[in-house]
Amino acid sequence: MDRVLAFELQRPASVGQALALLAAPGARILAGGTDLLPKLRRGLDRPTMLVDLGGVAGLDAIASDGAMLSIGAGVTLARLVESPGLAAGHAAIVEAAREVAAPAHRNAATVGGNLCLDTRCVFYNQSEWWRAANHYCLKLGGDTCHVAPQGARCHAAFSGDLAPALIVLGAEVELATVHGTRRLPLAELYRDDGAAHLTLGPGELLVRVLVPRTAADGVSGYRKTRVRGAIDFPLAGVALALAMDHEHIARLAVALTGTNSHPLLLDGTDALVGRAVDDTALALLGKLVAKQVSPMRSTVTPPNYRRQVASVLAQRLLRELSGAQYAATV
C-alpha cells in the first residue's frame, strides 16, 4: 500500500463549522474512516483536508417524534445493532447493520459513511502501482472501463448494506449546505454511474436519515451473500419489506445491493399484491430480480452467479417473512 499523503485535519464542533470547512477545495469528510483510510493508502483519493465529524454535536442522535424515526449520520453501525426497539419494527436496518464487515469495523463505521460508500471494482480497489501497470480505469485516471471496454461508463458496483434496508422502509435523507437543508427519498441519493454514483452537490453533507413509523406496520429483513462469512462486501444483498392481509400480500418492497452501481429498488412488485406467497408468486419475484439486476465482472465471482444468488435470496426472504407475519396474526 502507498504511504498516506500529508493533509490538514480539522475537527469542527457543529454542522455549520463542518460545512464551512467542506467548502474548501480538496476537503473530504472523515467519519468512521473504514472506507476512506484504505483508499488513501492505495492512492485512490488525495485530499488536502480531512474534516473529522466525530465531534459534531447531534450527528450521533437516534430519536423519534411519533411520525418519524430519525437516525443521525454519525450513529455507528454497532449502535444500530444494539438500539432497543429497532429490531421489532425495523428489523431490516438492524440485520443490515449486523452484516457489515466485522465488530471492530461496526464500532467505527457510521450510517452516513455506509450510505455514501464508494462503488467498488476489482480494477479500481488496487494499489497505485497495480492500477498504473493496467493503464488505470475509467473510474480514476484512465479512459477505459476494463469491465466493459466497449462502453462509455463505469460499472463499479455499490456495495453498501444499509441503503437497500432503508429504501424498502421508505426512508428519506436530510442534506445540508451552507445555504440550507433539503430532504429527498434515499433512493434519489444515487444514480446508475459507478464513477459518480452520488447525487450530493459540492460541499453537501448528509445529516440524518428519516424513516416513517408506518414502516413498522409490517415485517422486514435483509440477507446477503459474500465470499467469506464475515468482513466481505456483498456479492448480492436483498432487503425486503412486507405487509400481509391474512394469507395474501398487501404491500411489498424489494431493494438490492452489490449488483448495480446504485442500490436498486425493484420495479414490478405491485404485480404480487393480492397474491398468496406460493411457488407461482416466488417464481415471479425471482424473474423480476433476474431481469433488473445487472452484475458485471467487477468482483471475483461471475456475474451470472450473482444474478442467480440475488434472485434466490429474494425468494427465500419473501417466504420466510410471509410465514413469520402470518404466524404472528393467527
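Does Gln10 count as out of contact with any strand residue (DSSP E or B) (no Cβ under 6 Å at 6 or more places or on another chain), open to solvent by 30 Å² or more (accessible area, probe 1.4 Å) and polar (S, T, N, Q)? Spelling it out, it is not the case that Gln10 is out of contact with any strand residue (DSSP E or B) (no Cβ under 6 Å at 6 or more places or on another chain), open to solvent by 30 Å² or more (accessible area, probe 1.4 Å) and polar (S, T, N, Q). Quick one: would you say Arg297 is assigned to a loop (DSSP other than H, G, I, E, B) and among the basic types (Lys, Arg)? Yes, satisfied. Just one of the listed residues (Ala176, Ala148, Ala108, Ala157) is closer than 22 Å to Ala255 by Cβ and either among the charged types (D, E, K, R) or touching a residue at least 60 places away in the same chain (Cβ under 8 Å) (or both), namely Ala157. When the helices (runs of 4 or more DSSP H) confined to region 43-116 are screened for residues that are in contact with a Ser or Thr (Cβ under 9 Å, 6 or more places away or on another chain) and open to solvent by less than 10 Å² (accessible area, probe 1.4 Å), those reaching at least 3 such residues are found at 91-98.
The requirement of being hydroxyl-bearing (Ser, Thr, Tyr) and crowded, with 22+ Cβ neighbours inside 10 Å is fulfilled nowhere in region 224-245; no residue meets it. Looking only at residues of region 40-76 that are at pLDDT 95 or above and touching an Asp or Glu at 6+ places or on another chain (Cβ under 6 Å), we find that the one that is farthest from Ala91 (Cα to Cα) is Met49. Evaluated against (1) farther than 16 Å from Ala171 by Cα; (2) touching a helix residue (DSSP H, G or I) at 6+ places or on another chain (Cβ under 9 Å), Asp217 falls short on exactly one condition, (1). Within the bounds of region 257-267, is there any residue that is open to solvent by 50 Å² or more (accessible area, probe 1.4 Å), touching a residue at least 12 places away in the same chain (Cβ under 8 Å) and either under 22 Å from Ala96 (Cβ atoms) or assigned to a loop (DSSP other than H, G, I, E, B) (or both)? Yes - at least one qualifying residue is present in region 257-267. For the subset of region 10-35 comprising residues that are in contact with a helix residue (DSSP H, G or I) (Cβ under 8 Å, 6 or more places away or on another chain) and not in a loop (DSSP other than H, G, I, E, B), which member is nearest to Val100 (Cα to Cα)? Top of the filtered list is Leu30. Select from region 218-256 the residues that are without any contact (Cβ under 8 Å) to a residue 60 or more places away in the chain and in contact with a Gly (Cβ under 9 Å, 6 or more places away or on another chain) and list them in ascending order. If the condition is that a residue be without any contact (Cβ under 8 Å) to a residue 60 or more places away in the chain and in contact with a Gly (Cβ under 9 Å, 6 or more places away or on another chain), then Arg226, Asp245, His248, Ala250, Arg251 are the ones that fit. Among the candidates Gly32, Gly74, the residue that is in contact (Cβ under 8 Å) with a residue 60 or more places away in the chain and closer than 15 Å to Leu115 by Cα is uniquely Gly32.
Evaluating Trp130 against the criteria (1) in contact (Cβ under 8 Å) with a residue 60 or more places away in the chain; (2) aromatic (Phe, Trp, Tyr); (3) farther than 18 Å from Asp232 by Cβ leaves one unmet condition, (1).
The values are calculated or read from the model by the stated rules, or taken from the named source; none is laboratory data. From a predicted model like this one, the values you see are computed outputs, not experimental measurements. Neighbour counts are summed over all protein chains in view; Cβ atoms, including those assigned to glycine, are modelled from backbone coordinates with ideal geometry. Areas reflect the complete protein model, heavy atoms only, side chains present, ligands, DNA and RNA absent. Shrake-Rupley method; radii C 1.70, N 1.55, O 1.52, S 1.80 Å.
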